[in-house]
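Inspection log for the structure reproduced underneath, given as structure tokens.
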Amino acid sequence: MASVLELKNITMQFGGVVAVDDLNMVVNEGEIVALIGPNGAGKTTAFNVITGVYEPTNGEISFCGKPVVRNHPQGKMKAGYKGSCAEYYTGKPVISPTPDQLTGLGMARTFQNIRLWKTQTVFNNVLTAMHSKSSANMFSAIFRLNAEEEKRQRERTAEILEYVGLSDVANELSTSLPYGKQRRLEIARALALEPKLLLLDEPAAGMNPQETAELTAFIEKLRTDLHKTVLLIEHHMDLVMDISDRIYVLDFGKTIAEGTPSEIQANKRVIDAYLGVAEE
Amino acid sequence: MKTKKNLTSLILPVAFLILVFLLDQLIKPTDSMSMLLTVLQKGSVYALAAVSMNLLNGFTGLFSLGHAGFMLIGAYTYAIFTIPSQARDSVYQYFDALIRVSFPEVLSGALGGFGYVLGIALAVILAGAIAAVFAWLIGLPVLKLKSDYLAIATLGFAEIVRAIFQWQKLGPVTNGSNLLKSFERTSTFRITLGNGTVISFATFVPVLIAVICISLIVRLVNSTYGRAFKAVRDDEIAAEAMGINLARTKQLSFCTSCFFAGVAGAMMAMVLSIAQASNFKVAMTYEILLMVVLGGIGSISGSIIGAMLFISASEWWLRGLDSGSFLGINAPGIFRNGFRLVVFSLIIMVVVLFFRKGIMGDRELPEVIQGWRQKRQSRKRRAE
Ligand SMILES: Nc1ncnc2c1ncn2[C@@H]1O[C@H](COP(=O)(O)OP(=O)(O)OP(=O)(O)O)[C@@H](O)[C@H]1O
Ligand SMILES: [Mg+2]
């Protein structure tokens with residue numbers, strides 16, 4: 001099984017706060033991997049580092065076996081560095097791509113605090129995401145020389161909306177949708193990029209048990225039908241335990257456990273730090 | 001349905017252009033209606049300026065205040081490259097003119113009437129292109145900044161450009177602090193037929209340029225690039241995460257906006273018959289911004305309506321307020337110089353207060369008309 005995503009010694013320090021410390025993680029092709037942990041554990045921060053929103057303070061990320069992000073403590077951070085493995089990457093060249101470059105490699109994400117394009121319709125939210133895939137330059141776009149491609153993109157958008165079950169609201173404003181559907185739209189928008197790896201940040205947040213069950217089935221379907229690899233953050237433990245192949249547990253930025261759902265459920269440290277209290 | 005829409009979107013501008021052409025022939029400069037021509041000429045300059053500003057401020061969410069500066073660059077480029085050789089030395093009376101080529105002159109020498117038109121077109125395009133090159137250079141460092149810094153940086157740039165173009169050392173190119181004149185302008189856009197009849201294109205040309213440029217902007221906004229611009233405006237982080245290259249997209253929008261600002265500057269020169277750097281003050285940028293806000297940020301038809309209303313009011317409808325009589329009321333004591341501006345400012349305040357999102361909001365005219373139609377139909381149905 002080839003690894004799609006691999007994090008090595010990833011550390012993210014904000015000022016004096018180490019939000020993620022020495023995170024090592026592998027996501028293999030076709031897997032559904034979950035990242036869980038209490039509030040403020042550093043899960044979203046890890047996503048932001050993987051997708052290039054933040055440049056990690058230390059560590060290396062590989063995508064499909066190739067290093068795509070690398071950094072070591074530099075400048076002011078060098079003296080104030082509180083994370084681990086400070087010297088691991090010092091000699092090696094720094095790689096710090098922009099988020100769109102990382103997305104271009106074949107990953108796409110959703111946001112915990114929904115970030116749809118608010119003035120746009122549901123349809124346009126998905127269509128817009130295909131911009132980076134289109135081959136048109138500005139002139140061919142103005143003179144409609146890309147009409148063929150545009151048509152294909154529109155058809156594909158309609159297909160995706162059909163697939164995620166949002167066809168009936170295609171022409172509504174994205175913000176007029178209920179929460180659950182907005183989260184689905186975020187997934188639809190990510191799918192428009194045809195990514196290998198999908199990163200879902202709390203896709204079930206704000207959903208009732210029935211919606212959560214539907215979403216669980218839907219994510220499972222993404223893997224079986226579309227052969228997507230999924231890394232997800234979630235607080236709904238039924239969903240996590242149901243579909244994850246493996247789970248990583250973060251607490252205060254540190255990885256306190258990793259393993260299969262049954263291993264995690266039996267792990268004393270995880271129960272103390274998270275599962276014991278999370279079972280609301 | 002789709003072909004019908006395409007057809008009306010083609011017929012309307014063509015009908016409008018024919019009407020403008022006829023007005024050009026029918027209205028003599030001495031007629032009281034000649035104000036209509038002035039309004040159409042200046043209105044098309046400002047309409048393009050406002051739409052191009054809206055492309056950046058309204059559609060991409062980048063707040064720039066450098067428009068007057070880019071228009072200045074366009075106006076000078078156009079003027080310099082269309083001064084006929086026999087007029088050149090009297091224009092540059094204190095300097096040795098460095099650029100000694102007039103596109104319309106050279107090309108009409110080779111190709112006749114068509115060459116003249118081509119020469120004007122080339123000068124206009126070059127005006128836009130040079131403005132765009134400057135935009136690109138400024139964009140490199142400045143577009144990385146947060147939006148409010150962009151406003152300050154572009155504002156500063158416009159002021160610097162205005163100063164540099166008046167610099168005596170650059171006199172051989174810009175004529176220093178003296179104005180440029182005698183270049184090809186609306187009053188030279190005419191054909192004299194064999195029997196002495198004059199066919200004028202004075203209003204037709206600026207209106208045509210505005211129609212062409214605004215249609216290009218409309219097509220851009222409705223293309224995949226327009227969608228990328230709106231994505232950047234609505235949520236930068238989401239746009240980037242969805243693979244949209246922020247730096248490139250912003251730079252594209254900025255350069256395109258400034259290209260058309262340059263074209264509007266060229267039009268300004270041909271309409272006013274002069275190009276003078278000291279005319280392109282920050283106040284001009286504010287006026288254009290006001291038109292955009294009046295019309296509705298994010299609405300192209302709004303910007304056109306805003307510009308036309310603004311120019312009509314300031315150049316025509318309210319003129320009487322400055323010259324003694326308004327709407328048949330004679331009151332030279334009140335209606336004297338400056339009163340127009342007072343009334344004008346009041347009207348603008350009222351409009352801004354009652355149309356918070358501008359006249360059009362972020363909708364376009366066809367949508368609004370369609371909305372009215374549907375409403376009327378449903379009312380009719382209810383009545384039956
Ligand atoms: N840009 C930032 N600057 C400073 N501190 C930050 C920043 N982003 C995150 N943090 C801090 O990092 C820690 C981890 O936050 P993060 O959002 O990753 O948590 P999380 O695991 O996603 O929590 P939740 O379950 O509530 O979403 C928090 O203490 C937060 O305050
Ligand atoms: Mg989070």
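The values are calculated or read from the model by the stated rules, or taken from the named source; none is laboratory data. These figures come from a predicted structure and were not determined experimentally. When we count neighbours, we look across all protein chains shown, and the Cβ atoms used for this are built from the backbone with ideal geometry, even at glycine. For the accessible areas, the whole protein counts, side chains as well, though only heavy atoms, and no ligand, DNA or RNA atoms are used. Shrake-Rupley method; radii C 1.70, N 1.55, O 1.52, S 1.80 Å.
Quick one: compute the contact order of the range B:39-280, relative version, from alpha carbon pairs under 8 angstrom and 6+ residues apart, as a percent.
Computed over the range B:39-280, the figure is 40 percent.
Over chain B, the fraction of Cα-Cα pairs per 10 Å bin, rounded to whole percents and listed from the shortest bin up, is 5, 21, 30, 26, 14, 4, 1, 0. With the simple spin-label model, which puts each label point 7 Å out from Cα in the Cβ direction, the A:ARG269 to B:MET349 separation comes to 6.9 nm. Placing R0 at 22 angstrom, the Cβ-Cβ distance between A:ARG152 and A:HIS227 gives a FRET efficiency of 0.55 after rounding to 0.05. Computed extension gain for B:ASP96 through B:GLN168, at 0.36 nm per residue and net of the alpha carbon distance, reaches 24.7 nm. A dipole drawn for the protein assembly as shown from +1 and -1 charges on Cβ atoms has a positive end, and of B:ILE80, A:HIS235, B:GLN93 the residue lying farthest that way is B:GLN93. With every protein chain in place, what's the accessible area of A:HIS72 (1.4 Å probe, Å², nearest 10)? That residue has around 30 Å² of solvent-accessible surface.
Taking each of B:LYS42/B:LYS281; A:LYS118/B:LYS281; A:LYS181/A:LYS228; A:LYS8/B:LYS144; A:LYS78/A:LYS268; A:LYS76/B:LYS144 in turn, the alpha-carbon distance tops 25 angstrom for A:LYS118/B:LYS281; A:LYS8/B:LYS144; A:LYS78/A:LYS268.
Projecting the Cα atoms of B:PHE339, A:ALA2, A:VAL169 onto the charge dipole of the protein assembly as shown (Cβ charges, centred on the Cα centre) puts B:PHE339 farthest toward the positive pole. Per residue, the convex hull spanned by the Cα atoms of the range B:36-109 amounts to 150 cubic angstrom. The residue list B:ALA47, B:ALA269, B:ILE160 was ranked by how far each Cα lies along the charge dipole of the range B:39-280 toward its positive end, using unit charges on Cβ atoms, and B:ALA47 comes out on top. GNM remark for chain A: springs join alpha carbons under 10 Å apart, and the peak mean-square fluctuation among A:GLY259, A:GLY80, A:GLY180 falls on A:GLY80. Over every Cα atom in the protein assembly as shown, the radius of gyration and the widest Cα-Cα span, Dmax, amount to 30.4, 104 Å.
Screening chain B for whole DSSP H helices of 30 Å or more along their axis (Cα) with average Kyte-Doolittle hydropathy at least 0.0 returns B:2-26, B:34-57, B:113-142, B:246-272.
For the protein assembly as shown, adding -39500 (n - 2.57) for each run of n ≥ 4 DSSP H residues and dividing by the number of residues yields -17000 deg cm²/dmol at 222 nm.
Here the dipole of chain B is about 1200 debye; that uses its Cα centre as origin and unit charges on the Cβ of Lys and Arg (positive) and Asp and Glu (negative).
Centre-to-centre separation between the Cα atoms of the range B:101-116 and those of the range B:184-230: 19 Å.
Loop-located chymotrypsin sites (Phe, Trp or Tyr not before Pro) in the range A:106-148 (DSSP state not H, G, I, E or B) with no more than 16 neighbouring Cβ atoms inside 10 Å: A:PHE143. Qualifying GluC sites (Glu not before Pro) in the range A:1-100, where qualification requires a DSSP coil assignment and no more than 11 other C-beta atoms within 10 Å, comprise A:GLU87.
Charging the Cβ of each Asp and Glu at -1 and of each Lys and Arg at +1, and nothing else, the dipole of the protein assembly as shown about its Cα centre rounds to 2300 debye. Site pair A:CYS64 and B:GLU159 shows an inter-label distance of 5.1 nm when each label is modelled 7 Å from Cα along Cα→Cβ. Of the chymotrypsin sites (Phe, Trp or Tyr not before Pro) found in the range B:42-108, those that fall in a DSSP loop while having at most 13 other beta-carbon atoms within 10 Å are B:TYR94.
Close amide H contacts of A:LEU250 (hydrogens built in the peptide plane, cut-off under 5 Å, sequence separation of 5 or more or a different chain): A:ILE36, A:GLY37, A:ILE256. Put the Cα centre of the range B:132-166 next to the Cα centre of the range B:247-324 and the gap is 18 Å.
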